[in-house]
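J.: Supplied in structure tokens, the structure appears directly below.
The values are calculated or read from the model by the stated rules, or taken from the named source; none is laboratory data. Everything quoted here is computed from the prediction, not taken from an experiment. Glycine also receives a Cβ, built like all others from the backbone with ideal geometry; neighbour counts cover every protein chain displayed.
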Amino acid sequence: MFLDKDGSIGGPPGSYVVIDNGIASDTEACEIKPSWNAAICEGDFGRLSLRASDGQPGTSPFGQTSGGSAITLTRNGREFTTGTGGFFGDGLGNTTIPSGAEIRAETENLSLNLFLSELDNGSWVIFELPGFATANTGTEQRSLDALRNASDTSYYSDDDTLWVKFVVANSSGGGAGGFPGFGGGTGIQVSK
């Protein structure tokens, strides 16, 4: 993604140009440009980085975990699969993401680390994680409605799905989070 400060790309000043992978863009906040495979979007956008693992220690100095497999993200009826190889290997993926999004994340792995970067303080994203049961941080909520109304990082678990609301806090200079060792920050680890 990049910020179009003056609107010279074709959208309003301060809009973002993002890859149209189905997760970053939507028809309400974006003007989709099929010939570009991109969209011009208004709002607060950041980066979601994911690391799936079988729960075993990492296998490389870049933090690659062992046994990583693909991660399928779904938003507004559109799917995007990431973590299928590349520079860092299987189980590692990323995408641009708007603040306020609700994303379903599915993977065969036993644990999944979620990191947000470049979002403004107070921005949030909700993750629906079928098959997951626990989060390593956040306040436990008693219902999905309570989770949606929470003002800090929280989680809610029903019989077969974990829901996590990741709220960005203590950001300085353009966002929070990121992979440890690549800009610092914090994240959330969820486990089955």
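J.: Does region 25-39 contain any residue that is out of contact with any strand residue (DSSP E or B) (no Cβ under 9 Å at 6 or more places or on another chain), at pLDDT below 85 and of a type in the set (Asp, Glu)?
T.: Checked region 25-39: at least one residue is out of contact with any strand residue (DSSP E or B) (no Cβ under 9 Å at 6 or more places or on another chain), at pLDDT below 85 and of a type in the set (Asp, Glu).
J.: Further question: Quick one: is Gly68 closer than 19 Å to Gly83 by Cβ and modelled with pLDDT of 75 or more?
T.: On the way: closer than 19 Å to Gly83 by Cβ: yes; modelled with pLDDT of 75 or more: no.
In short, no.
J.: Quick test of your reading of the structure: Gly83 fulfils all but one of (1) at positive phi; (2) at pLDDT below 90; (3) surrounded by fewer than 20 Cβ atoms within 10 Å (Cβ to Cβ). Name the failing condition by number.
T.: For Gly83, the exception is condition (3).
J.: Any idea which residue in region 32-50 is nearest to Leu116 (Cα to Cα), counting only those that are hydrophobic (A, V, I, L, M, F, W, C) and either surrounded by fewer than 18 Cβ atoms within 10 Å (Cβ to Cβ) or in contact with a helix residue (DSSP H, G or I) (Cβ under 8 Å, 6 or more places away or on another chain) (or both)?
T.: Ile32
J.: Under the condition of being buried (at least 20 other Cβ atoms within 10 Å of the Cβ) and outside any strand (DSSP E or B), which residue from region 102-143 is modelled with the highest pLDDT?
T.: Applying the filter and picking the extreme gives Phe132.
J.: Then there is this: Among the numbered conditions (1) buried (at least 22 other Cβ atoms within 10 Å of the Cβ); (2) under 17 Å from Asn76 (Cα atoms); (3) aliphatic (A, V, I, L, M), tell me where Ala29 comes up short.
T.: If we test Ala29 against (1) buried (at least 22 other Cβ atoms within 10 Å of the Cβ); (2) under 17 Å from Asn76 (Cα atoms); (3) aliphatic (A, V, I, L, M), just (1) comes out false.
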